[in-house]
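Only the coordinates and a few stated rules stand behind these numbers; no lab work does. Quick caveat: nothing in here was measured; it's all calculated off a predicted structure. Heads up, the Cβs are rebuilt from the backbone with ideal geometry, glycines too, and the neighbour counts pull from every protein chain shown.
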Amino acid sequence: MAIPYLLARRSTAGPALGMAAWASAWLGGHTGTDDVVAALGHWAQVHTVDGGLPGLLLELRRSAPTAVRLLLPAPGDPAGLPAGTAAERAALARGEAVGFDGAGSSLLLVPTAESADVVAWTSFRVAPALVDRDPITLGEAEYALRDAVRDATSALAALPPEPGAPSAHAAVAELAQHLGATPLPAIAGARAHRVLDTAATVEAILLVAGERHPDAGIGLGGAQRGDAAYSALARAVRSARTAAIDSITRDALR
């Protein structure tokens, strides 16, 4: 089935997630350069960046970031990016970025899919350093996902069937498996894996429902609060993914 792979391009489990997890593992001495390059091949065989990936990693080591964070901005939720800047516009257009925070500034990397096999990374220097204005713990994210799973599953069941189309549940299961296959460094803990897997399930439901029923924003929550309910579920997915990756990067850099 081609649907999971087409819909996966809209997922927040993109190359920024991989770069944040694997670059921090490399910086912490938990993995090698070849492992980082191989892991990022999950998203594209070729990653273009000034100096190449090995050169980027060496530059990051010289800058000695104190934190590495996955940023998943969305309209109305800029993830702490400075308003009106080229960095914010690029990150919002893509919906993802990686922040390497230092003492006085942050290096922001934004990926762009140039083709199915090529991801180009654009870097921005942001000063002062970015600050996580709305941190959420991994435990809080996991708790919020429990409600999100229930609400998203109920929403999918409430949508009318599409004549002649494969089962929505089968499409969700295949897409969730694809999104959950994200390679993570060995430093990643069991809870981070669990949260990312659950986030994949919720996002798969949202993506399949939105593809089959463009008005799913209403169908997901009722005529009066549909769009808000849909946005809340998507926000729970973004929060869970950032919390899981942040826990991995903190452990890696510790």
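Please give, to one decimal in nm, the separation of the simple spin-label points placed at Ala113 and Thr85, each 7 Å out from Cα toward the Cβ.
Label-label distance for Ala113 and Thr85, simple model: 2.7 nm.
Tell me what the chain gives for mean residue ellipticity at 222 nm when only DSSP H runs of n ≥ 4 count, each as -39,500 (n - 2.57), the sum divided by the residue total, rounded to 500 deg cm²/dmol. Could the numbers behind the result be given before it?
Values: 10 runs with 136 residues, N = 254.
Roughly -17000 deg cm²/dmol at 222 nm, from the helical runs in the chain.
Mind running the shape call on the range 13-126? Use the C-alpha gyration tensor, a ≥ b ≥ c as the square roots of the eigenvalues: rounded below 1.5 for a/c, prolate if a/b tops b/c, oblate otherwise.
Oblate is the answer for the range 13-126, as a/c is 1.5 or above yet b/c matches or exceeds a/b.
Would you please classify the overall shape of the range 114-173 from the alpha carbon gyration tensor, given that a ≥ b ≥ c denote the square roots of the eigenvalues, rounded means a/c under 1.5, and beyond that prolate means a/b larger than b/c while oblate covers the rest?
Oblate.
For the chain, modelled as a GNM with alpha-carbon contacts under 10 angstrom, which of Asp134, Asp101, Asp50 fluctuates the most?
Asp134
Output needed for the range 145-191: three equivalent-ellipsoid semi-axes, defined as square roots of 5 times the C-alpha gyration tensor eigenvalues, in descending order, whole Å.
Each semi-axis is √(5λ); the values are 28, 16, 5 Å.
Cα-based Rg of the chain per 2.2 N^0.38 Å, rounded to two decimals?
Cα Rg divided by the expected 2.2 N^0.38 Å: 1.00.
Please compute the length gained on full extension between Ala74 and Leu58, using 0.36 nm multiplied by the number of residues separating them and subtracting their Cα-Cα distance.
Full-extension gain reported as 2.7 nm.
Using 0.36 nm times the number of residues separating Ala127 and Ala158, minus their current alpha carbon distance, what extension gain do you get?
Numbers: separation 31, 0.36 × 31 = 11.16 nm, distance 4.72 nm.
Extra length from Ala127 to Ala158 when fully extended: 6.4 nm.
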